[in-house]
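> Below are the structure tokens for one structure; questions will follow.
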Amino acid sequence: MKHIISLFILICILLSVLPVKGDSYYSLHNTSTNNTTPKHSFDVLNYKLNLDIYNCFKTPYPRSFIASNHITFRVDSVLNSITLNAVNTSLVIDSVRLIGGPLLVISHTNNILTVTLDRTYNPPEIVNIIIYYRHNNITDNAFYVSNGVVFTDCPPEGARKWFPCWDKPSDKATVDITAKVPSNARLGSNGRLQDSIVTGDTIYYHWISRDPVATYLTVITGKVNYNMDRIYWHKISNPNDSIPVLFYYNSGENYGTVKNLISSLMTNFSNKFGDYAFEKGGFASIPNGAGFMWAGMENQTLITLCSSCWTENYAVHEFAHQWFGDLVTCGTWADVWINEGFATYCEAIWKERLGYAIYKNDVNAKANTYFSQNAGFPISMPQWAIITPHIDTLYNYGITYCKAAVVLHQLRYCLGDSVFFNVLNTFATDTARFKYKNSTTYEFNLLVNQISGQNYDWFFNAWIYQPNHPVYQNRYTIVNTGGGNWRVDFLANQIQTNAPFFPMLLTVKIVYSTGPDSLIKVMNNVNNQTFSINSDRQPLSVVFDPDNNILLKSAFLIGVNNLASGIPYLYELYQNYPNPFNPATNINFDLPQKSYVKLSIYDLTGKEVITLINEPKDPGKYSVSFNAENLSSGIYFYRLQTDKYSSVKKMVLIR
């Protein structure tokens with residue numbers, strides 16, 4: 001123990017400060033003109049695919065196949081040609097024909113298929129073309145083949161590698177897929193199984209999705225000797241209407257965990273976000289070594305899982321996508337947090353059925369993941385709507401998933417539960433704007449404004465479009481104004497150098513000498529903003545964000561009583577309270593004279609983990625609130641040092 005204390009006193013490591021990013025993120029959003037889901041010169045209504053993938057299931061398991069794609073689209077602006085995404089290395093386009101009409105002139109270069117139509121078309125004419133094409137025998141990380149397994153995996157823009165399409169999330173279309181496979185293979189896809197016709201050693205599976213699907217959520221998953229099980233879930237709005245949920249699994253896998261929880265999960269989410277809205281639900285696992293790169297992928301009505309991913313958390317996340325990501329799909333890739341942040345937040349919503357404390361622990365854990373993995377960019381960058389970012393940026397777990405989920409918790413704190421869940425329910429059930437359609441962040445922001453009756457642009461501008469998070473160095477003073485009256489002056493101050501100011505609704509708890517404590521909510525819309533609270537009871541201390549609802553922050557609070565002159569007292573460092581603590585505690589100390597004060601926290605190795613105070617202080621009684629939300633459980637020490645006094649005490653953080 002002596003060795004630890006010696007290290008503690010000797011070691012002093014300066015805190016590093018991240019470089020300044022400036023205001024560019026905030027400005028980009030404010031100058032953006034494309035805030036709604038993008039419109040295109042044509043709107044694809046249906047993709048009808050006919051795939052001959054029989055040989056892909058047979059040794060030597062080639063990745064080549066022949067296919068046709070009958071595309072039905074509506075003309076949205078005057079045009080005589082259309083362009084589609086079709087990756088040259090993956091797809092060979094043999095010909096394109098107008099249904100009931102002539103062959104059409106085509107050009108296929110730079111991964112773009114240009115089809116010159118037979119004439120000029122005007123809105124809202126409907127056009128039907130059929131594309132005859134082949135997939136090359138290559139690995140393209142979208143169409144996967146190995147040892148009797150065939151599956152697709154397309155986020156964010158891989159559909160263009162296995163069928164020509166307008167491959168943007170904003171153009172959702174119904175799909176109709178017929179696949180020719182060997183008779184010993186099972187194959188699933190989006191929507192319902194219309195029929196499966198056996199001819200000799202061949203099965204033709206015919207899947208039709210009644211509901212529009214984004215191209216990256218269009219899927220086929222097949223395997224020789226696939227096992228399949230099913231249950232039926234009954235709709236809350238109509239218990240006589242049953243929804244099948246399919247489970248495709250490999251021998252030896254334990255899919256029972258997901259099978260046993262899925263009905264409760266569907267009911268839980270349906271109660272909150274509206275009835276499960278698709279024709280079926282489903283999960284299909286991919287054997288190890290077949291190339292699936294994720295734990296799960298939320299393909300509409302047929303979720304893909306890794307072989308060992310039949311777990312509650314993965315199932316909850318991917319099934320939440322059936323509302324947020326599939327039913328309501330991001331309008332652009334700048335809005336992908338609407339998919340991933342919402343689904344990650346729904347993990348906590350699912351746990352909340354066991355109690356709010358369990359929900360809060362989950363959200364706290366997500367905040368800690370963000371702090372440990374923060375890459376320093378905002379949740380949404382407007383340019384991502386134009387240029388799709390690298391997949392590691394787009395699907396950054398710390399930001400797109402965890403930070404976005406915690407932002408939703410903070411929005412819930414600001415709105416209150418009733419308004420917040422009304423927003424989410426409307427988001428998933430409003431057929432005029434969102435259900436089976438798309439949404440941008442801007443459009444979701446408008447919905448929040450509409451339902452709350454208030455302008456929440458400030459929230460989205462700060463927490464979605466700015467990087468990093470606020471660092472609060474708040475102060476308060478307790479003033480005896482005479483006649484048995486008191487005043488608390490609370491200064492809200494942010495000191496971060498790597499992001500602009502974050503407006504936020506703040507909660508402050510005032511602890512009194514007698515009677516109950518009081519909670520005060522104030523809107524902090526400028527930095528260095530002072531709030532004064534008058535009382536006829538003597539305040540003892542102030543606690544900032546007592547329930548730790550602003551999880552995306554670092555914070556400490558410095559307080560001083562305005563003592564009458566002439567009252568004698570000595571230097572004193574008191575034991576923190578509460579102790580043990582989680583995650584916040586108060587550290588109190590007395591100064592008999594003006595002193596240069598350093599108050600720091602150290603871990604067991606003697607490493608300084610944070611400096612709470614490092615500046616001159618007037619005489620007085622001080623109370624500093626320390627929030628250890630970013631630290632792990634364990635024993636820590638705090639040290640008060642002036643030119644005439646030094647004291648060290650131990651405290652225990654328990655998670």
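FYI, it's all coordinate maths here, none of it is from the lab. Fair warning: this is a prediction, and the values are worked out from it, not measured in the lab. Cβ placement follows ideal geometry from the backbone for every residue including glycine, while neighbour counts extend to all protein chains displayed.
> Give, as a single signed number, the net charge of other residues whose beta carbon lies under 14 Å from the beta carbon of LEU51, with Lys and Arg counted +1 and Asp and Glu -1.
Spelling it out: positives minus negatives among the neighbours equals +3.
> Then there is this: State the volume of the convex hull built on the alpha-carbon positions of the range 421-560, expressed per residue in Å³ and rounded to an integer.
124 Å³
> What net charge is computed for the residues neighbouring PRO62, neighbours being all others with C-beta under 15 Å from the C-beta of PRO62, Lys and Arg scored +1, Asp and Glu -1?
Every neighbour counted, the sum reads +2.
> Let me ask something else about it. Output wanted: per-residue J couplings in Hz (rounded whole) for the range 143-158, from phi through Karplus 6.51 cos²θ - 1.76 cosθ + 1.60, θ = phi - 60°, x for Gly and Pro.
Once θ is set to phi - 60°, the couplings for the range 143-158 become 10, 10, 9, 5, 6, x, 10, 9, 7, 10, 8, 10, x, x, 9, x Hz.
> Now for a different question. Full extension from ASN254 to ARG134: what is 0.36 nm times the residue separation minus their Cα-Cα distance, to one decimal in nm?
Gain in length upon complete extension: 39.5 nm.
> Scan the chain and note any complete DSSP helix (H) whose C-alpha atoms cover at least 15 Å along its axis and whose Kyte-Doolittle average is 0.5 or more.
Qualifying helices, which must be both long enough and hydrophobic enough, are 404-415, 417-429.
> In units of 2.2 N^0.38 Å, what is the alpha-carbon radius of gyration of the range 121-214?
This ratio for the range 121-214 stands at 1.23.
> Would you mind computing, in nm to one decimal, how far apart the modelled labels at SER263 and SER196 are, each placed 7 Å from Cα along Cα→Cβ?
It is 2.3 nm.
> Where does the Debye-calculated log10 I(q)/I(0) of the range 103-151 sit at q = 0.14, 0.19, 0.26 Å⁻¹, using only Cα point scatterers of equal weight, no solvent?
For the range 103-151 at q = 0.14, 0.19, 0.26 Å⁻¹, log10 I(q)/I(0) is -0.60, -0.83, -1.11.
> Another question about this same structure. Binning every alpha carbon pair distance of the range 321-391 at 5 Å from zero, what are the percents per bin?
All Cα pairs, binned at 5 Å, distribute as 4, 15, 19, 20, 20, 14, 6, 2, 0 percent.
> Ok, one more. Once both labels are modelled 7 Å past Cα along the beta-carbon direction, what's the SER513-ASN111 spacing in nm?
About 7.2 nm separates the two model spin labels.
> Further question on the same structure: Which residues among the range 138-171 fall inside the zone where the amide N is under 14 Å from a point 7 Å beyond the Cα of HIS40, along Cα→Cβ?
So the set is 157-161, 163-171.
> Under 25 Å Cα to Cα from LYS223, which lysines show up? Leave out anything in the same chain fewer than 8 places away.
LYS48, LYS58, LYS161, LYS180, LYS259, LYS280
> Let me see the P(r) profile for the range 216-288: every Cα-Cα distance counted, bins of 5 Å, each bin given as a percent of all pairs.
Answer for the range 216-288: a P(r) of 3, 14, 25, 21, 18, 12, 6, 1 percent.
> Quick one: what do you get for the range 352-495 if you divide its Cα Rg by 2.2 N^0.38 Å?
Dividing the Cα radius of gyration by 2.2 N^0.38 Å gives 1.30.
> First select every other residue whose beta carbon is under 15 angstrom from the beta carbon of PRO182; then total the charges, Lys and Arg +1, Asp and Glu -1.
Taking every other residue near PRO182 into account, the sum is +2.
> To continue, here is another question. Using Cα extents along the principal axes in Å as the read-out, say which of (i) 100, 55, 49; (ii) 82, 61, 56; (iii) 122, 62, 56 was calculated from these coordinates.
Derived directly from the coordinates: (i).
> Which cross-chain or sequence-distant (5 or more) residues have an amide H under 5 Å from the amide H of ASP430, H modelled 1.01 Å from N in plane?
Under 5 Å from the amide H of ASP430: LYS435.
> Also, quick follow-up: Using a Cα distance threshold of under 30 Å, what count of lysine pairs results for the range 401-530 when pairs must be 8 or more residues apart or interchain?
Lysine pairs, 8 or more places apart or on different chains, close enough: 5.
> Could you give the spread of the C-alpha atoms of the range 158-288 along their three principal axes, from largest to smallest, in whole angstroms?
Reported extents, whole Å, longest axis first: 42, 39, 30.
> Turning to a different aspect of this structure: Grab the Cα-Cα distance for VAL526 and SER308, subtract it from 0.36 nm times how many residues apart they are, and report the gain in nm with one decimal.
73.5 nm
> Follow-up. In square nanometres, what is one fourth of the surface area of the convex hull spanned by the alpha carbons of the range 464-532?
The directionally averaged projection comes out at 5.4 nm².
> Could you state the orientation-averaged shadow area of the convex hull built on the Cα atoms of the range 72-175, in nm² to one decimal?
In nm², the orientation-averaged hull projection of the range 72-175 is 7.3.
> Can you give the direction-averaged projected area of the convex hull of the alpha-carbon atoms in the range 276-333, in nm²?
Average of the hull's projected areas for the range 276-333 equals 4.3 nm².
> Also, quick follow-up: Less than 14 Å apart at the alpha-carbon level, and either on another chain or at least 8 residues along: which aspartates and glutamates does that give for LYS644?
Output for LYS644: GLU572, ASP590.
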